[in-house]
Amino acid sequence: MSSRAMVPVIPPTYPAEREEGGLDVLKKLIRVLLTVISILILILFLVSLYMGANFFFNTPYNMELVQVESPCPYPASPPWEEEIAVRVPWARIWFIDVMLEEGDVLVVTDLNTGSTWTYDTNGTDVLTSVFYAGGDGCVRLKISIQDDGDSITSMGAFGFVVTDIWSLVLRPYILILAYAILLPSTPAWVLAAVLQGIFITCFIVSAISSGGYHRALINSYGKPLKKAMSNFLYAFPFISTASLTGWFILNFLVNMAGIGTGVKGKLPGPIFMLLEASYAAVVEELFFRLLLIGLPMGIAAMLARGAKSSPWGTYAMKEEPSSLSLFLKGLFCPGALSKDVRKRLRPLTWLLVIASSLAFGLAHVAAGTWEPGKAITAAAIGLVLGACFTSYGIYASILLHWFFNYHIQVWSVWIQRAPYDILAYLTAGLVILSEMAIGGLSLIMFLIQGIRMLLRRRRPSYIQPAAPAYQPVVPPAPSWALEGQLGGERVE
């Protein structure tokens, strides 16, 4: 047999796997903890969504339209009187507290018919008889407390004029800065059902976006936190609670500076206020985020169509998206635009977010319902809402606004509708305190992540050395193939 050179085959070597240290184990434990917190807070959000629906559709006399409150204490002479007119088919007065001096009488007079309802003792959770609208469609009432002549009075009465959501008709509106343009009348239950549908839809969209909530839970264990945070439903508990804690701190500082942040005048009752706040969460996002940020972003994205930047210049994109696709992405979800387009529009994005936030804060004060300090706290929350809109989409900013106007409100509604229920106070207090504690930890987490990102950007970039010119190498022929050419003898 002829002898041939044998070429040894050397198996490739792989770097040895690095053993996990204590820091790696701690990181995994923190990620597991964050995932558990995300799931628990999300369950709490869904519970509050159910509670709100129950308040809207399963609670009698749940539309507390006008507040009724006597002076405390009420005067003996002249007697305290207040006239109220509400445009509803029927109404009652729900007195939460009635405290009268012995012999004094609380009187409610129907100005349409002249009939009266009287109450001459102390009590809580007191409902009057039903009063019906007159020919003009309004229920007109006069409430008074008559002294028995001894000039001794007590604390008086506090309550609301109430009706039912099924009989109430409201005028929805669209918002232009601080001005509301009224729309045709709509049954209140239809409005509440539409709002509930919008919020549920936003939860569903956030659950399926960016690979899905289930994928974010999987990525949260073994991959960087930023990967899991790309799904808004995973990030929502941390962003919302951090915003709540930050708002509380800022609100405290503004009030300490002597600038009020409270509401001017009387507010309607808790469930009706919940309905109004829920509607405001949607309408304000459609104007301040969708129109003031999304519309310019959509137009700018179309104008940026057709070119892609690179270190060597600008070249045409191979698969160029349509103008309509770019406009819709910029309008509803700027974060879905390509990385190159987002980078080119970054200065415009921040300009729009800041401008819309300032307009959002000033609009609250210009409407005349809030004290001047509300402009500061609302503008700060507007920055977070704008960042959520540009990073995730309109569904994210609506959900974050829902957190403040609906989720937080629900627990307050429970307390106000059951003022003597200890369980309501304990549960609502525990929920708010827990969320603020998680918000404090979330603020620390976002601060650390921000510092890490800043350090990465300031780190000097590595310049890769230029590769040498390619020169093909021809391998030498084996000895057995060169036998005839070299004239050597064949070895048997």
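Computed from the coordinates by the stated procedures, all read-outs in this text should not be read as laboratory data. No experiment lies behind these values; they were computed from the predicted model shown. Counting neighbours? That spans all protein chains shown, and the Cβs are built from the backbone with ideal geometry, glycine included.
Give me P(r) over the range 199-348, computed from all C-alpha to C-alpha distances, binned every 10 Å, as integer percentages.
9, 23, 32, 23, 10, 3, 0
What number, in percent, do you get for the relative contact order of the chain if the mean sequence gap of Cα pairs under 8 Å and at least 6 apart is divided by its residue count?
It rounds to 16 percent for the chain.
Under the Kirkwood approximation for Rh and a Cα-based Rg, what ratio Rg/Rh is obtained for the chain?
Working: Rg = 33.5 Å, Rh = 27.8 Å.
Here Rg/Rh amounts to 1.21.
Working from Cα positions, state the angle (0 to 90°, nearest 10) between the long axis of helix 188-208 and the longest principal axis of the chain.
The answer is roughly 20 degrees.
Output the 0 to 90 degree angle, nearest 10, between the alpha-carbon long axis of helix 213-222 and the longest principal axis computed from the alpha carbons of the chain.
Roughly 50 degrees, rounded to the nearest 10.
Which angle between 0 and 90 degrees, to the nearest 10, do you get for helix 374-391 versus the longest principal axis of the chain when only C-alpha atoms count?
The helix 374-391 is inclined about 40 degrees to the chain.
Ignoring chymotrypsin sites (Phe, Trp or Tyr not before Pro) that are buried or in helix or strand per DSSP, and keeping those with at most 14 other beta carbon atoms within 10 Å, what is the longest stretch of the chain between them?
By the stated rule (loop sites, at most 14 other Cβ atoms within 10 Å), 1-165.
Considering only the other residues whose Cβ falls under 14 Å of the Cβ of H401, what net charge follows from Lys and Arg at +1 and Asp and Glu at -1?
On the way: positive: R289; negative: E276, E284, E285.
My count for the surroundings of H401 gives -2.
Picking from C202, A242, L26, whose Cα lies most toward the positive end of the charge dipole for the chain (charges on Cβ: Lys, Arg +1; Asp, Glu -1)?
Of C202, A242, L26, it is L26.
If amide hydrogens are placed 1.01 Å from N in the peptide plane, which non-local residues have theirs closer than 5 Å to the one on I93?
So I93 has HN proximity to T128, V162.
Across the Cα atoms of the range 64-163, what radius of gyration and what greatest pairwise Cα-Cα distance (Dmax) are found, in Å?
Both quantities, over Cα of the range 64-163: 13.0, 40 Å.
I need the phi-derived Karplus couplings for the range 291-305: 6.51 cos²θ - 1.76 cosθ + 1.60, θ = phi - 60°, integer Hz, Gly and Pro marked x.
So the Karplus estimates, Gly and Pro as x, are 7, 6, 10, x, 5, x, 5, x, 5, 5, 5, 5, 5, 7, 5 Hz.
With labels modelled as points extended 7 Å from the Cα through the Cβ direction, what inter-label distance (nm, one decimal) is found for L267 paired with S434?
Each label point lies 7 Å from its Cα, and together they span 2.3 nm.
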